[in-house]
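Chemist: Sharing a structure below in structure tokens format, with a few things to ask.
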Amino acid sequence: MPDQVFEAWSWLDLAELGLIAHILVMVLLTLRILSVQRNVGVAIAWLAILYTLPLFGLITYILIGEPMIGRRYLQRTEQARALLNEMAERERLVFDQGEELLTETYRGVSRIGTVWTGFGVYDDHQMRLLVGSDQIFSQLLEDISSARQIILMEFYIVYPEGQVRAILEALAAAAKRGVDCHLVADSVGSFNFFGSPLHKALIKSGVEIHQSLPVGLFRTLFKRTDVRNHRKIVVIDEDIGYTGSFNLVDPKHFKQNKKVGQWIDVMMRIHSRKPMSVITAMTKVVATDIGAESNSNLDALDQRINAYTRKLYLMNPAINDVDDTANPLMRSLRAMNQSTTSKAMIQTLPMPAVESVVAQLIPSAPQITAHVIYNTLVTVIHRADQRIQITTPYFVPDEALLGALTTAAKRGVEVTLIIPKKVDSFMVQHASQAYYAELLEAGVTIALFTGGLLHAKTVVVDNDYCLFGTVNIDMRSFYLNMEVSLAIYTPQMVAQVAACQQSYLQLSDILTQEQWSQRQGYKRLFDNGMRLFSPLL
């Protein structure tokens, strides 16, 4: 009998201890969420998950609750940036210049980017908008085949099928003829590329391939594995750059089983012969990303910079008048592989090159640049006087961004949102739809693109400002992923992007408030339920 009583008391004690431990963990995690999560919507969403599904919420928050990119990665990033900044200072390369090129309207907007990224505004670019995959592949293949010194490529997705094979084969051929070639690809996004025959052939040909943010069970304990490198950047030699929404995929071969049509993308080809330009900034971003991936990459960058002793700009204060024949950032990276081991209407849209474009590169990354893209976007929306036109595949805003858009519409700004009628994410589709009623009531035009999965990410404000790049209108792009955007301040170039948006409108169904109000109640309820998770999508 005493043994049975002792056993009963033991189980009771264990149950009480378990309950106390559970309460303690919940309280501590609640305090952690409230102290770390600055976005109210994100905090509420996590608390809702934690208290409705305690065990699931606990494990999920530990794995993906905070945008931890990894202590060692952050340290190497800072070291690589410091090395490049020291060299730039020595060579009198001034990155945070150019504010005087802008009108008063946009000086404050540009300053947000400069403060957090160190990149200012540069002038005298030639830019050409490439619309549709055929144009992009054709121009990219031509530039790679003509490369003489260096090729830097950084993509979220490399999918080695279709026309992508020709691009990778041209890259291998460039490496064989002595061009220094580097390809940075996200570990998750480019899963199908790593280990493929083309991957092995590129390595054999001499291309340096860098797997960005590799994942694994052990790494999950120290960093958030769904923080991804979503950038798309190409730099060729010292005067050509690309950025935009285009992954290295052939839309005829990519995600055809999703039944959303082919992906529709845009890319900006940039040309400049100045030693300080958007292309110089792109080079610094890619060099930093490569250096951050491993100690050997960082050592290679360090060795090259220490060996670089020429003082090309030291005696010449007019650095912007010097030919771009000895760009030190390019020279630093070129030696790294020696130091280490749709529709027809859209496809054919004519887009001539525009001269003398003023632009600013705005890269973003969690724990490094704060929320620079988000802050820039909200600020410029509040400054809009005439129109705001947005194309994005994924539209899941927070309350502040939603408020900025609806307020703009209510004060008379023409606000147009162009998004795909169908996207490849079930939760995003329904969470996005939960915002339609409020937007329509405020007077926002919602255009549902029917020509495929519109993957372009462009924002045009009035007639003289454009954000163009990799950033979706969702919290993942604003807070989690490594992204890059191009702020364009030249009206002629902004007009081209706006014209491209107009071509999308011709292939879109305009949603009316009357139409949307007639939806069945259970559908509205389901969308609103998905909206609760929108801060985490």
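Chemist: Scan region 488-503 and tell me whether some residue there is over 29 Å from Val131 (Cβ atoms), assigned to a helix (DSSP H, G or I) and open to solvent by 30 Å² or more (accessible area, probe 1.4 Å). If you could, list the steps in order and put the result at the bottom.
Modeler: Step one: filter region 488-503 for residues over 29 Å from Val131 (Cβ atoms), giving none.
No, there is no match, as no residue in region 488-503 is over 29 Å from Val131 (Cβ atoms), assigned to a helix (DSSP H, G or I) and open to solvent by 30 Å² or more (accessible area, probe 1.4 Å).
Chemist: If you don't mind, there's one more thing I want to ask. Just to be sure, is Val158 among the aliphatic types (A, V, I, L, M), in contact with a strand residue (DSSP E or B) (Cβ under 7 Å, 6 or more places away or on another chain) and either at pLDDT 95 or above or surrounded by fewer than 20 Cβ atoms within 10 Å (Cβ to Cβ) (or both)? Talk me through it step by step, then tell me what you get.
Modeler: Details: among the aliphatic types (A, V, I, L, M): yes; in contact with a strand residue (DSSP E or B) (Cβ under 7 Å, 6 or more places away or on another chain): yes; either at pLDDT 95 or above or surrounded by fewer than 20 Cβ atoms within 10 Å (Cβ to Cβ) (or both): yes.
Criteria met by Val158.
Chemist: Is at least one residue of region 138-154 surrounded by 23 or more Cβ atoms within 10 Å (Cβ to Cβ), in a strand (DSSP E or B) and of a type in the set (D, E, K, R)?
Modeler: yes
Chemist: For region 326-360: of the residues being part of a loop (DSSP other than H, G, I, E, B) and in contact with a helix residue (DSSP H, G or I) (Cβ under 7 Å, 6 or more places away or on another chain), which is modelled with the lowest pLDDT? First the steps, then the outcome.
Modeler: Our first condition is that a residue be part of a loop (DSSP other than H, G, I, E, B); within region 326-360, this holds for 326-327, 335, 340-343, 348-353.
Applying the additional criterion that residues be in contact with a helix residue (DSSP H, G or I) (Cβ under 7 Å, 6 or more places away or on another chain) yields 327, 335, 340, 349, 351.
Working: Asn327: 56, Ala335: 50, Thr340: 43, Leu349: 57, Met351: 78.
Ranking the qualifying residues of region 326-360, first place goes to Thr340.
Chemist: Sort out which residues of region 475-503 are in contact with a Ser or Thr (Cβ under 6 Å, 6 or more places away or on another chain) and either over 29 Å from Trp46 (Cα atoms) or not hydrophobic (A, V, I, L, M, F, W, C) (or both), and write them in order of number.
Modeler: Going through region 475-503, the residues in contact with a Ser or Thr (Cβ under 6 Å, 6 or more places away or on another chain) turn out to be 483-484, 486, 497, 501.
Once the filter is applied, which keeps residues that are in contact with a Ser or Thr (Cβ under 6 Å, 6 or more places away or on another chain) and either over 29 Å from Trp46 (Cα atoms) or not hydrophobic (A, V, I, L, M, F, W, C) (or both), region 475-503 yields Glu483, Leu486, Val497, Gln501.
Chemist: I would also like to ask the following. Restricting attention to region 513-527, which residues are part of a helix (DSSP H, G or I), open to solvent by less than 80 Å² (accessible area, probe 1.4 Å) and not acidic (Asp, Glu)? If you could, list the steps in order and put the result at the bottom.
Modeler: As a first pass, look at region 513-527 and keep what is part of a helix (DSSP H, G or I): 513-517, 521-527.
Filter once more, so that each one left must be open to solvent by less than 80 Å² (accessible area, probe 1.4 Å): 516-517, 521, 527.
Those that are part of a helix (DSSP H, G or I), open to solvent by less than 80 Å² (accessible area, probe 1.4 Å) and not acidic (Asp, Glu): Trp516, Ser517, Gly521.
Chemist: Residues in region 245-255: is at least one part of a strand (DSSP E or B), modelled with pLDDT of 90 or more and buried (at least 24 other Cβ atoms within 10 Å of the Cβ)?
Modeler: Within region 245-255, one or more residues are part of a strand (DSSP E or B), modelled with pLDDT of 90 or more and buried (at least 24 other Cβ atoms within 10 Å of the Cβ).
Chemist: Still on this structure, please answer the following. For Asp124, which of the numbered conditions (1) open to solvent by 50 Å² or more (accessible area, probe 1.4 Å); (2) assigned to a helix (DSSP H, G or I) fails to hold?
Modeler: In the conditions (1) open to solvent by 50 Å² or more (accessible area, probe 1.4 Å); (2) assigned to a helix (DSSP H, G or I), Asp124 misses (2) alone.
Chemist: If you take the residues in region 161-192 that are under 24 Å from Gly291 (Cβ atoms) and among the β-branched types (Val, Ile, Thr), which one is most open to solvent (accessible area, probe 1.4 Å)?
Modeler: Per the stated criteria, the residue is Val188.
The values are calculated or read from the model by the stated rules, or taken from the named source; none is laboratory data. In this text the structure is predicted, and so the values were computed from the model without any measurement. Here the Cβ is made from the backbone with ideal geometry for all residues, glycine too, and neighbour counts use every protein chain on show. Please note that ligands, DNA and RNA were not included when accessible areas were found on the heavy atoms of the full protein model with its side chains. Shrake-Rupley method; radii C 1.70, N 1.55, O 1.52, S 1.80 Å.
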